[in-house]
Amino acid sequence: MRTNGRWLLVFDNAEDPGTFRSLLPEGGGHVLITSRDPGWHSAATPMDIGLFARAESRSLLAAYVPKLPQTEADRLAEALGDLPLALAQAGGLIATSGFSVDTYLKDLTATSRLLDRSAPITYRHKTLGAAVRLSSAHLARTDPVASELLRICAFLAPEPIPLDTWLTKAGVELPPSLNGLVSDLVAVADSIAAMARLGLVRPQHGGLTIHRLTAAVLRDRTGANATSAAQESAHEHAKNLVISVRPDDEGRDPATWQEWAGLLPHVMTLSETWTQDDDMRELSLDATQYLLMRGTTSAAHDAARALHQRWSAEFPPDHPHLLTAETLLTDSLNILGRYRQALAVIENVVELSRNALGDDHETTLAANTALATAFTNLGQYREAQVIEEDVLRRRRSTLGEDHRDTLTSGNNLAVTLDTLGDHHASRALKDDVLKRQRRVLGENHPDTLISATNLAVTLMDLGEFVQARALLEGTVDRSRETLGDNHPNTLNAASGLAASLKDLGHHHKAQTLREDVLTRRRKVLGEDHPHTLDSYRDLASSLTYLGHHARARSILDDTLNRSRAMLGDTHPDTLTVAHNLATVLMRVNQHVQARALLQSTLDKHRATLGPEHPNTLTTAANLASVLSHLGRRKEARALLRNSLEGFRRTLGEEHPKTKAVAEQLAGYKKVFGKRKKKIRRP
């Protein structure tokens, strides 16, 4: 071999890199080593082969079962984690037995037993189950600590297990035999290396991953190396470990979100079986709360629904944890824009919670908060106000003025006051809440950022556009840094900033920002989400100011139809879209159509919001403009006079809307005065 440069020497399934130095030949040929041990860096150049790509999995399965539909192949590959040996065994068994994919994948435990059958001939009759058990038995003989840690990890999720973080946390709970691993990262690394050398785990980012099928074999209580007692003990230790390393909050603080991200999949995996454990249920609820706060609302919805379905079979309807799961489900439905479903869920929860726990219990108050949010989202503002005032009073009494939940209640009530047109009371309450949140929670806490956005909206309602813009610019920057560009709260702040730019006359900047927010909301929330519809409406408003009337009208026509379908004809958001569409019709001199739409909108505003709500008064003022163009100036003047008196009472003499209507009315008086003089001429 030294004299011939054209050769390839293969060492297959090599175990110990240290034994190979004396076996590597000299010369111009090549050596290929296959090994499950990742520690070959000093002797060779490693190339991680890893799992199959999905296309490779499909190709292998097609070789065994040529007529297997691609969707079925994908399901099988996903369940088997694209592991080549498992795919080969599954394909062989399905081909010879006629099993359907559904039968084969009935449950993972059964699948792990099936993996002891139908060994491909290319693997010398060694099945995946046999290979895993052989390796785990060897690990138990050579490194009992690593072996016990492996058994515990087998009951966790197939996602990364961040042992470097977990095992250095104060209070981490392990069996006594593993206490030597606590805070000893060298010992942890040695244990992971021992598992990895046998191909049982893959080292990853200070921890490890264990393939779902490897874990299934290790969890199997019928295996030669397993006993029921040992598996039950490992399962309980896995549960205790996860509970002991939970972050010190309820998933609401961004400072802990990285920890929650690493913990989440393992919590959800264990929660499926530890339904009777109080601590695990509490942890599962907090993990769902984390998903909500992080902005992953669909995942939070699915988690809350799964917890509710699971626990409903084991607990009475008024169990506190079951009620909390339903409240979180309602929160997710509210955020997803499914307001009627949210209301249907939460009304029963409030009643059950009051009867079982009392009016002052935090579970009851949380349910009432979700109920009020559903009412607000549906445009039932008075109902929401009554509930929010009661919740705020009770939380101030039981939790104190500065408690996070008390401040949340204050912010919620202030938002409802805004929707009712009481902007001055809303501003006073929002000012107080924001000051307290900055002091208690900090500038960058999500609650503080939400309150800052909401206060800026009120400032705009009060005509304080410069202050609103300054507040929103800082809030958008902090939201992007803390929550990310696509978080719903970040998009709300950016939407507010665009509105302030429009109010200050920066219409091109407002349009650019609104285009961006719309694109992101369509991606994050969906085409028909109420906030996406808001973005369409806002973009059309900017286009109208810039003279792009045809595009604005097209957008508003479509948005009005969608809003009516999603929210109903009389919802305040639907009425705002209708009002804006009428404004565009006025701009293109279609005054007859504009008048009909504005009159209908005004009637609905009066019925739903009241005659002196700012939205009602604004619609009346615009209807007056249309009537004037149609020659009905006496009616127009009467409408304007009523609107002016209403604006003075609700917004004050100095508000821009009050001044605009006053100027409009003065112009009408001037026109009417001139006409009277003309009439008196002979």
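The values are calculated or read from the model by the stated rules, or taken from the named source; none is laboratory data. Worth saying up front: this structure is predicted, and the values here are computed from it rather than measured. FYI the Cβ positions are ideal-geometry reconstructions off the backbone, even for glycines, and counts take in every protein chain you see. Ligands, DNA and RNA are stripped out before the accessible areas are found, and what is left, the full protein with its side chains, is counted by its heavy atoms. Shrake-Rupley method; radii C 1.70, N 1.55, O 1.52, S 1.80 Å.
How many residues, within region 442-461, are open to solvent by 50 Å² or more (accessible area, probe 1.4 Å) and more than 19 Å from Pro614 (Cα to Cα)? Please lay out each step first, then the result.
Going through region 442-461, the residues open to solvent by 50 Å² or more (accessible area, probe 1.4 Å) turn out to be 443-444, 450, 457, 461.
Imposing the further condition that a residue be more than 19 Å from Pro614 (Cα to Cα) reduces the set to 443-444, 450.
The number of residues fulfilling the criteria is 3.
Given the residues Thr214, Thr209, Thr269, which is the only one that is of a type in the set (Ser, Thr, Tyr) and under 30 Å from Asp405 (Cα atoms)?
Step by step, each of Thr214, Thr209, Thr269 is checked, and only Thr269 is of a type in the set (Ser, Thr, Tyr) and under 30 Å from Asp405 (Cα atoms).
Please tell me if Leu23 is open to solvent by 50 Å² or more (accessible area, probe 1.4 Å) and either in contact with a His (Cβ under 8 Å, 6 or more places away or on another chain) or of a type in the set (Phe, Trp, Tyr) (or both).
Against the criterion (open to solvent by 50 Å² or more (accessible area, probe 1.4 Å) and either in contact with a His (Cβ under 8 Å, 6 or more places away or on another chain) or of a type in the set (Phe, Trp, Tyr) (or both)), Leu23 does not qualify.
Consider only pairs whose beta carbons are under 7 Å apart and that are at least six residues apart or on different chains; among these, list those whose first residue lies in region 397-421 and is within 30 Å of Thr608 (Cα to Cα) and open to solvent by 30 Å² or more (accessible area, probe 1.4 Å) and whose second residue is among the acidic types (Asp, Glu) and assigned to a helix (DSSP H, G or I).
Close Cβ pairs satisfying both conditions: Thr408/Asp447; Asn412/Glu388.
Which of the following residues is of a type in the set (A, V, I, L, M, F, W, C), within 18 Å of Ala493 (Cα to Cα) and part of a helix (DSSP H, G or I): Val391, Val433, Val386?
Every option except Val433 fails the conditions.
One residue is enough: does region 606-617 have a residue meeting the conditions under 22 Å from Leu417 (Cα atoms), among the basic types (Lys, Arg) and either surrounded by fewer than 19 Cβ atoms within 10 Å (Cβ to Cβ) or in contact with a strand residue (DSSP E or B) (Cβ under 9 Å, 6 or more places away or on another chain) (or both)?
Checked against the condition, which is being under 22 Å from Leu417 (Cα atoms), among the basic types (Lys, Arg) and either surrounded by fewer than 19 Cβ atoms within 10 Å (Cβ to Cβ) or in contact with a strand residue (DSSP E or B) (Cβ under 9 Å, 6 or more places away or on another chain) (or both), region 606-617 yields at least one hit.
When you scan region 502-510, do you find a residue that is touching a residue at least 40 places away in the same chain (Cβ under 8 Å) and either basic (Lys, Arg) or in contact with a Phe, Trp or Tyr (Cβ under 9 Å, 6 or more places away or on another chain) (or both), even just one?
For region 502-510, residues touching a residue at least 40 places away in the same chain (Cβ under 8 Å) and either basic (Lys, Arg) or in contact with a Phe, Trp or Tyr (Cβ under 9 Å, 6 or more places away or on another chain) (or both): present.
Restricted to region 95-115, and to residues that are modelled with pLDDT of 80 or more and part of a helix (DSSP H, G or I), which residue is least open to solvent (accessible area, probe 1.4 Å)?
Val101
Just the residues that are surrounded by 11 or more Cβ atoms within 10 Å (Cβ to Cβ) and of a type outside the set (Gly, Ala, Ser), please, taken from region 39-53.
Step one: list which residues in region 39-53 are surrounded by 11 or more Cβ atoms within 10 Å (Cβ to Cβ), which gives 39-40, 43-44, 46, 51-53.
Of everything in region 39-53, those that are surrounded by 11 or more Cβ atoms within 10 Å (Cβ to Cβ) and of a type outside the set (Gly, Ala, Ser) turn out to be Trp40, Pro46, Leu51, Phe52.
Anything in region 337-347 that is in a helix (DSSP H, G or I), more than 21 Å from Gly251 (Cβ to Cβ) and in contact (Cβ under 8 Å) with a residue 12 or more places away in the chain? List them, or say none.
Tyr339, Arg340, Leu343, Glu347
Please tell me if Val524 is under 27 Å from the mean Cα position of the chain (by Cα), modelled with pLDDT under 95 and under 24 Å from Thr453 (Cα atoms).
It is true that Val524 is under 27 Å from the mean Cα position of the chain (by Cα), modelled with pLDDT under 95 and under 24 Å from Thr453 (Cα atoms).
Residues are listed down the side, and each one gets a yes or a no for (1) under 19 Å from Phe647 (Cα atoms); (2) in a helix (DSSP H, G or I):
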site	(1), (2)
Ser563	no, yes
Met586	no, yes
Leu598	yes, yes
Glu612	yes, no
Thr616	yes, yes
Ala621	yes, yes
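If we scan region 567-577, do we find a residue that is out of contact with any Leu (no Cβ under 8 Å at 6 or more places or on another chain), closer than 28 Å to Phe375 by Cβ and open to solvent by 50 Å² or more (accessible area, probe 1.4 Å)?
Yes, region 567-577 contains a residue that is out of contact with any Leu (no Cβ under 8 Å at 6 or more places or on another chain), closer than 28 Å to Phe375 by Cβ and open to solvent by 50 Å² or more (accessible area, probe 1.4 Å).
Those residues that are assigned to a helix (DSSP H, G or I) and either without any contact (Cβ under 8 Å) to a residue 24 or more places away in the chain or of a type in the set (Phe, Trp, Tyr) (or both), I need them from region 52-65; list them, please. Quick ask: steps written out before the conclusion?
Kept after step one, since they are assigned to a helix (DSSP H, G or I), are these residues of region 52-65: 54-64.
Within region 52-65, Ala55, Arg58, Ser59, Ala62, Tyr64 meet the criteria.
Is it true that Arg281 is touching a residue at least 12 places away in the same chain (Cβ under 8 Å) and either open to solvent by 30 Å² or more (accessible area, probe 1.4 Å) or under 20 Å from Leu149 (Cα atoms) (or both)?
Working: touching a residue at least 12 places away in the same chain (Cβ under 8 Å): yes; either open to solvent by 30 Å² or more (accessible area, probe 1.4 Å) or under 20 Å from Leu149 (Cα atoms) (or both): no.
In short, no.
Within region 168-177, does at least one residue satisfy the condition of being under 30 Å from Thr103 (Cα atoms), among the small types (Gly, Ala, Ser) and either within 32 Å of the chain's Cα centre (by Cα) or modelled with pLDDT of 90 or more (or both)?
To start, the set of residues in region 168-177 that are under 30 Å from Thr103 (Cα atoms) comprises none.
So far as region 168-177 goes, no, none of its residues is under 30 Å from Thr103 (Cα atoms), among the small types (Gly, Ala, Ser) and either within 32 Å of the chain's Cα centre (by Cα) or modelled with pLDDT of 90 or more (or both).
Would you mind stating whether His237 is modelled with pLDDT of 95 or more, closer than 27 Å to Ser191 by Cβ and more than 29 Å from the chain's Cα centre (by Cα)?
For His237, the condition - modelled with pLDDT of 95 or more, closer than 27 Å to Ser191 by Cβ and more than 29 Å from the chain's Cα centre (by Cα) - is met.
Can you find even one residue in region 479-496 that is among the basic types (Lys, Arg), touching a residue at least 12 places away in the same chain (Cβ under 8 Å) and either surrounded by fewer than 19 Cβ atoms within 10 Å (Cβ to Cβ) or farther than 23 Å from Leu291 by Cα (or both)?
The answer is no, given that none of the residues of region 479-496 is among the basic types (Lys, Arg), touching a residue at least 12 places away in the same chain (Cβ under 8 Å) and either surrounded by fewer than 19 Cβ atoms within 10 Å (Cβ to Cβ) or farther than 23 Å from Leu291 by Cα (or both).
Does at least one position in region 66-87 carry a residue that is open to solvent by less than 80 Å² (accessible area, probe 1.4 Å), part of a helix (DSSP H, G or I) and either of a type in the set (Phe, Trp, Tyr) or farther than 29 Å from Pro203 by Cβ (or both)? Can you show your working first?
Initially, region 66-87 is screened for residues open to solvent by less than 80 Å² (accessible area, probe 1.4 Å), giving 68-69, 72-74, 76-77, 79-87.
Cutting the leftovers down to part of a helix (DSSP H, G or I) gives us 72-74, 76-77, 79, 84-87.
With the extra rule that they be either of a type in the set (Phe, Trp, Tyr) or farther than 29 Å from Pro203 by Cβ (or both), the set shrinks to 72-73.
Taking every residue of region 66-87 in turn, at least one turns out to be open to solvent by less than 80 Å² (accessible area, probe 1.4 Å), part of a helix (DSSP H, G or I) and either of a type in the set (Phe, Trp, Tyr) or farther than 29 Å from Pro203 by Cβ (or both).
For region 532-557, enumerate the residues that are farther than 15 Å from Leu597 by Cα, surrounded by fewer than 19 Cβ atoms within 10 Å (Cβ to Cβ) and not aliphatic (A, V, I, L, M).
Answer for region 532-557, where residues must be farther than 15 Å from Leu597 by Cα, surrounded by fewer than 19 Cβ atoms within 10 Å (Cβ to Cβ) and not aliphatic (A, V, I, L, M): Tyr545, Gly547, His548, His549, Arg551, Ser554.
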